[in-house]
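Asks: Input: one structure, supplied below.
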Amino acid sequence: MDFSLLGPIAVTTGSAELSLGPAKRRSVLALLLLQPNTTVPLEQLIDSLWEDEPPEHARTVVQGHVSRLRATLAEGGAEAYGVELTTHGSAYLLRLPEELIDAHRFGELVTLARPEAAPADAVPLLREALGLWRGPALTGTVTSPPFAAAAHALEERRLTAVEALGRAYGALGEHEQAAAILYSAAVNHPLREGLIAGLMRALFRTGRQSDALEWFHRTRRLLSEELGVDPGERLRGAYEEILRAEAAGKVRKAAAPPSGGADASGAGPAAPGETGAPAPGGARTGAANGPGQRTGAAPRLLPRPPARFLGREHQLTTLTQVLTDRTTGESPLAVVAGPAGVGKTACAVQWAHLHAGSFPDGQLFADLRGFGEGDEAPPAEILRDFLLALGTPPERVPRSAEAASAEFRSLVAERRLLVVLDNARSSAQVRPLLPGGPHCATVVTSRSRLDGLVATDWARPVGLQALGHEEGAALLGAMLGPDRVAEDPAAARELVDLCDGLPLALRAAAAQLTARPRWRLARLAAALHDERRRLALLSAEDTGVAAALRMSVARLSADDARLLSALATTSDGHLNASAAAALAGYDQERTQDGLDRLAEMHLVDEEATDVYTISTLTQLFARDTQGESGESGEAGPSGTGGGGTKSG
């Protein structure tokens, strides 16, 4: 006879499952199994079965369920297994060998496993333990707080076992197995820092360092947005460990078997002759001796290359001309700017991967979170990550941003290094992160033009515009397959128009069509003509035009947010400063200043002198925001109510 708590509540004898009846009866059995060989008071059963005030006949109901359970167990031959359900005054006792309960067997197997000391023995024990689970614990019980708490406690034990199995695989050098077992659990528990930390280490040790770092940044954003906290010691420790290991040149190739033991970081030793391998006497080789020479620290922090990247040849060529120009004796700097969703990050990262070989001393990447849900990334935080990636011991990283910036510039002065600073809000946020060496290059992406960097640091602007019909249709073809687009090219052109030519919107539209393989392109185009639904349809989970625009509008002052709402009421999206002043109720000078700031943030476009346009999707978003606030004078989420202060 077997009793199951790790999934649906069940009792089996041989291959037959006993009929346990309704949820409350299963809940009585579950509570007795959670406290085997212990008397459980009737009042505890009543409190657990009814979340609200129990009925007057609750005692009779519980007694009836106990009586039926006793009969069911007897019919299943309980006596032969040493199982007995007895009454002790106003309490009940389920007497049985505890090894008949799957949760007890699970606990014993996990206790026996020693993933660090004996990983080869721990793996089969932990796999057997996790194999006992048949779904969420205590499935089929009533939804009361006591059962929810008990199910949560069992789930915590399962996740602890998953983490232990990941460590055991890691200790055996089977990092692919570790990543596989940890991945699904991490997807379902994205805020469990220990689990994410283990997954990051496993991914890094299979050579997937960009994936590992992506998990850190994703989890950090979730912690900030949902809990309002920063990463804890375990998650931050895994991140810094990966940066240090990269700096020391200890990235293990995905197919390489473990050799020797792991060092203190667990990343494994560097191969003989590999950059950063220990030299005799414990010193590291590869000190910086001159420009272009590999040092011991060559971090590769770029995200993965953008999927299905198409076009942008002119912008890529311009970036090459700007960032590889060595004739000035200065560190070249480019700013890729454009509206939300136009593909700035993809363009910068694509160029960085194409030209990574020109920067043998490493490629650094940081999301400055200038237009994210939470606060922007402080320079000190980014500089700490950079210095760790370049091999600086944690205890030697300066605390102040000024000192860390100076240390960073000194460290990279003679290196060939690429720095990608993504999603910057202002020039002031960027300046402390700029390398000073003539052999370094920096590319910054922003929704703002960052005119300050152009003025003080001779940054070269590289503007990104919306895609035309041909490029937009090509992107849809790359996402959906050329045949699906070729069967209705007119609908493809219409979709490009309805998406304002924004790659983000087109990708979201492609996601809608991928999920609906029987839909023709014309059907989605027809749905997008409904302006009330368009922004919702151009979203895919946490990605979409509305979410991107929300972050831009959130950075506006109250005056500029009102002006944008007024511009959204135009019929065709074209107007001049006088018309805008009339719509907003502002004087001419105040309106002109506001239009200049909106143009700098790429929320409007100045097509010609005193000719401004606002895209359809921006109009729809501003109208929705106006409707939610009840009046056009309502400020955006971060509106200050001031007189139109610049935001980068």
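The values are calculated or read from the model by the stated rules, or taken from the named source; none is laboratory data. Remember, predicted model here, so these are calculated numbers, not experimental data. When we count neighbours, we look across all protein chains shown, and the Cβ atoms used for this are built from the backbone with ideal geometry, even at glycine. Protein only, heavy atoms only, side chains kept; ligands, DNA and RNA dropped before computing areas. Shrake-Rupley method; radii C 1.70, N 1.55, O 1.52, S 1.80 Å.
Asks: Can you work out which of the residues in region 1-19 that are outside any strand (DSSP E or B) and touching a residue at least 60 places away in the same chain (Cβ under 8 Å) is farthest from residue 150 (Cα to Cα)? Walk me through it before giving the result.
Replies: Taking region 1-19 as the starting set, the residues that turn out to be outside any strand (DSSP E or B) are 1, 5-7, 9, 14-15, 18-19.
Imposing the further condition that a residue be touching a residue at least 60 places away in the same chain (Cβ under 8 Å) reduces the set to 1, 5-7, 9.
Details: 1: 23, 5: 10, 6: 11, 7: 13, 9: 13 Å.
The selected residue is 1.
Asks: For region 307-327, enumerate the residues that are touching a residue at least 12 places away in the same chain (Cβ under 8 Å) and either in contact with a Ser or Thr (Cβ under 9 Å, 6 or more places away or on another chain) or farther than 16 Å from residue 464 by Cβ (or both).
Replies: Answer for region 307-327, where residues must be touching a residue at least 12 places away in the same chain (Cβ under 8 Å) and either in contact with a Ser or Thr (Cβ under 9 Å, 6 or more places away or on another chain) or farther than 16 Å from residue 464 by Cβ (or both): 308, 323, 324, 326.
Asks: Follow-up question, since we're still on this one. When residues of region 544-585 are filtered for being over 13 Å from residue 624 (Cα atoms), open to solvent by 10 Å² or more (accessible area, probe 1.4 Å), touching a residue at least 12 places away in the same chain (Cβ under 8 Å) and hydrophobic (A, V, I, L, M, F, W, C), how many remain?
Replies: Final tally of qualifying residues: 5.
Asks: So in region 295-334, with the set limited to residues that are in contact with a helix residue (DSSP H, G or I) (Cβ under 7 Å, 6 or more places away or on another chain) and of a type in the set (D, E, K, R), which one is least open to solvent (accessible area, probe 1.4 Å)?
Replies: Here the answer is 312.
Asks: Follow-up. Keeping to region 110-125, report how many residues are within 30 Å of the chain's Cα centre (by Cα) and under 20 Å from residue 3 (Cα atoms). Break it down stepwise before answering.
Replies: Just the residues of region 110-125 that are within 30 Å of the chain's Cα centre (by Cα), to begin with: 115-116, 123.
Checking which are under 20 Å from residue 3 (Cα atoms) leaves us with none.
Of the residues in that region, 0 qualify.
Asks: Then there is this: So residue 128 ticks every box in (1) touching a helix residue (DSSP H, G or I) at 6+ places or on another chain (Cβ under 6 Å); (2) open to solvent by less than 90 Å² (accessible area, probe 1.4 Å); (3) free of Cβ contacts under 8 Å to residues at least 24 places away in the same chain; (4) of a type outside the set (A, V, I, L, M, F, W, C) but one. Which box is left unticked?
Replies: The one condition residue 128 does not meet is (2).
Asks: Please enumerate the residues belonging to region 493-512 that are open to solvent by less than 30 Å² (accessible area, probe 1.4 Å) and not in a helix (DSSP H, G or I).
Replies: 499, 501, 502
Asks: Continuing with this model, one more query. Are any residues in region 24-45 within 43 Å of the chain's Cα centre (by Cα), among the aliphatic types (A, V, I, L, M) and under 17 Å from residue 63 (Cβ atoms), and if so, which ones?
Replies: 28, 29, 31, 32, 45
Asks: A further question follows. One residue is enough: does region 354-367 have a residue meeting the conditions of a type in the set (S, T, N, Q), closer than 27 Å to residue 312 by Cβ and part of a helix (DSSP H, G or I)? Step through it out loud before you land on a result.
Replies: Initial filter on region 354-367 (of a type in the set (S, T, N, Q)): 358, 363.
Right, trim to closer than 27 Å to residue 312 by Cβ and you get 358, 363.
Those left that are additionally part of a helix (DSSP H, G or I): 358.
Within region 354-367 (the criterion being of a type in the set (S, T, N, Q), closer than 27 Å to residue 312 by Cβ and part of a helix (DSSP H, G or I)), the answer is yes, since at least one residue qualifies.
Asks: Here is a list: 424, 428, 441. Which entry is modelled with pLDDT of 90 or more, within 14 Å of residue 331 (Cβ to Cβ) and under 30 Å from the mean Cα position of the chain (by Cα)?
Replies: 441
Asks: Where residues in region 144-156 are surrounded by fewer than 17 Cβ atoms within 10 Å (Cβ to Cβ) and touching a helix residue (DSSP H, G or I) at 6+ places or on another chain (Cβ under 9 Å), which of them is nearest to residue 50 (Cα to Cα)?
Replies: 144
Asks: Separate question: May I ask you to list the residues in region 233-252 that are among the small types (Gly, Ala, Ser), buried (at least 18 other Cβ atoms within 10 Å of the Cβ) and not in a loop (DSSP other than H, G, I, E, B)?
Replies: Residues satisfying the conditions are 238, 245, 247.
Asks: In addition: Taking residue 546 as meeting all but one of (1) under 22 Å from the mean Cα position of the chain (by Cα); (2) outside any helix (DSSP H, G or I), write down the number of the exception.
Replies: Condition (2) is where residue 546 drops out.
Asks: Can you name every one of the helices (runs of 4 or more DSSP H) wholly within region 129-232 that holds 3 or more residues which are within 30 Å of residue 47 (Cβ to Cβ), more than 17 Å from the chain's Cα centre (by Cα) and modelled with pLDDT under 95?
Replies: Details: elements: 145-171, 175-188, 193-205, 209-222.
The helices (runs of 4 or more DSSP H) meeting that bar are 145-171.
Asks: Just for region 577-598: of the residues that are part of a helix (DSSP H, G or I) and hydroxyl-bearing (Ser, Thr, Tyr), which one is nearest to residue 557 (Cα to Cα)?
Replies: 591
Asks: Turning to a different aspect of this structure: Do you know which residues across region 429-473 are without any contact (Cβ under 8 Å) to a residue 60 or more places away in the chain and either more than 26 Å from residue 618 (Cα to Cα) or touching a Phe, Trp or Tyr at 6+ places or on another chain (Cβ under 8 Å) (or both)?
Replies: Within region 429-473, 431, 432, 455, 456 meet the criteria.
Asks: Which residue pairs have Cβ atoms closer than 7 Å, lie 6 or more positions apart in sequence or on different chains, and pair a first residue in region 395-411 that is at negative phi with a second residue that is of a type in the set (Phe, Trp, Tyr)?
Replies: Filtered contacts from region 395-411: 408/386.
Asks: Exactly one condition in (1) in contact (Cβ under 8 Å) with a residue 60 or more places away in the chain; (2) within 24 Å of residue 298 (Cβ to Cβ); (3) open to solvent by 50 Å² or more (accessible area, probe 1.4 Å) is not met by residue 175; state its number.
Replies: Failing condition for residue 175: (3).
Asks: Taking region 342-359, which residues are open to solvent by 10 Å² or more (accessible area, probe 1.4 Å) and either polar (S, T, N, Q) or touching a Leu at 6+ places or on another chain (Cβ under 9 Å) (or both)?
Replies: If the condition is that a residue be open to solvent by 10 Å² or more (accessible area, probe 1.4 Å) and either polar (S, T, N, Q) or touching a Leu at 6+ places or on another chain (Cβ under 9 Å) (or both), then 343, 344, 345, 350, 353, 354, 355, 356, 358 are the ones that fit.
Asks: Quick one: which of 446, 427 is small (Gly, Ala, Ser) and either touching a Leu at 6+ places or on another chain (Cβ under 7 Å) or on the phi > 0 side of the Ramachandran plot (or both)?
Replies: Going through 446, 427 in turn, just one is small (Gly, Ala, Ser) and either touching a Leu at 6+ places or on another chain (Cβ under 7 Å) or on the phi > 0 side of the Ramachandran plot (or both): 427.
Asks: Related question: Quick one: would you say residue 490 is hydrophobic (A, V, I, L, M, F, W, C), buried (at least 19 other Cβ atoms within 10 Å of the Cβ) and either over 30 Å from residue 419 (Cβ atoms) or touching a residue at least 40 places away in the same chain (Cβ under 8 Å) (or both)?
Replies: no
Asks: Also: Could you go through region 260-279 and let me know if any residue there is surrounded by 11 or more Cβ atoms within 10 Å (Cβ to Cβ), modelled with pLDDT of 50 or more and either in a loop (DSSP other than H, G, I, E, B) or among the aliphatic types (A, V, I, L, M) (or both).
Replies: Checking region 260-279: not a single residue is surrounded by 11 or more Cβ atoms within 10 Å (Cβ to Cβ), modelled with pLDDT of 50 or more and either in a loop (DSSP other than H, G, I, E, B) or among the aliphatic types (A, V, I, L, M) (or both).
Asks: Oh, and also: Name every residue in region 43-63 that is more than 20 Å from residue 10 (Cβ to Cβ) and either modelled with pLDDT of 95 or more or open to solvent by less than 20 Å² (accessible area, probe 1.4 Å) (or both), in order of residue number.
Replies: 46, 58, 62
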